[in-house]
Amino acid sequence: MLKKAQEGRYAVGAFNVENMEMVKAVIAAAEELRAPVMLQTTPSTVKYGTVETFAAIVAAEAKKASVPVCLHLDHGDSYELACQCMENGYTSVMIDGSKEDFAGNVSVTKKVVEAAHAKGLPVEAELGKVGGKEDDHEAEADTNTDPMEAKEFVEQTQVDSLAVAIGTAHGFYEGTPVLDKERISEIKKVV
């Protein structure tokens, strides 16, 4: 889905869903726009709703959809959770080792990539620190992704997609965000 979007030079919307009504609404909007869509769950969402329940809801609704729909683990916080999602029908996972140092992030990401690629599934990882509040984790300051570190990270992990920090934040912005758009171009040149 993302490869086609990259080749076609368009974006794919990714939306965190927390119940059946949200799943139905996001798919309905995607169908209306005739656009592929990613439905995502976070560790805190599956903590109360369970991986199995969300996978079943999304699978049932995706089967009826006229557009491509995938189910993605967003900001997965452990190898075990990523594997649980893969075993229960998720079509992609993210492992977020950004709270670890570089070596720790590489280590957990490589482990998830190995398990996912054995099942033919793609993996997203995060490098750098995105500010704001996300689930139970709160970052006070941004640490933007270094392009050469991104190159090394992707080479070492073989991750399929990379979430990078460029001055964005989760949640509400305090003040006006300053996005380092040039950094994306720099990262794209080497990754």
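The values are calculated or read from the model by the stated rules, or taken from the named source; none is laboratory data. Here the structure is a predicted model, which means the values were calculated and not measured. All Cβ positions, even for glycine, are placed from backbone atoms using ideal geometry, and neighbour counts span all protein chains on display. The accessibility values were calculated without ligands, DNA or RNA, using every heavy atom of the protein model including side chains. Shrake-Rupley method; radii C 1.70, N 1.55, O 1.52, S 1.80 Å.
Report note on the peptides 37-49, 149-161: ranked by the mean count of other C-beta atoms within 10 Å, highest first, their order is 37-49, 149-161. Label positions at Phe172 and Glu31, each projected 7 Å from the Cα along the C-beta direction, are separated by 3.5 nm. Helix 51-64 axis versus longest C-alpha principal axis of the chain: approximately 60°, rounded to the nearest ten.
Heavy-atom surface analysis with a 1.4 Å probe gives the chain a carbon and sulfur content of 52 percent of its accessible area.
To test your reading of the geometry: what angle, between 0 and 90 degrees and rounded to tens, separates the Cα axis of helix 181-190 from the longest principal axis of the chain? Tilt of helix 181-190: around 90 degrees. Which shape class applies to the range 4-49: rounded if a/c is under 1.5, otherwise prolate when a/b exceeds b/c and oblate if not, where a ≥ b ≥ c are the square roots of the Cα gyration tensor eigenvalues? Oblate, because a/c is 1.5 or more while a/b does not exceed b/c. The relative contact order of the chain, computed from alpha carbon pairs under 8 Å that lie at least 6 residues apart in sequence, is 14 percent.
If you model the chain as an ellipsoid using its alpha carbon gyration tensor, with each semi-axis the square root of five times an eigenvalue, the axes come out at 26, 19, 18 Å, biggest first.
Peptides 168-179, 71-82, 98-109, 24-35, ordered by how many other C-beta atoms sit within 10 Å of their residues on average, highest first, read 71-82, 98-109, 24-35, 168-179. Sorting 2-9, 14-21, 87-94 by their mean Cβ neighbour count within 10 Å, with the most densely packed peptide first, gives 87-94, 14-21, 2-9. Here Asp180 and Met22 are evaluated by their C-beta separation; at R0 = 41 Å the FRET efficiency comes out at 0.85. Modelled this way, with points 7 Å down the Cα-to-C-beta line, the labels at Lys99 and Ala60 are 3.3 nm from one another.
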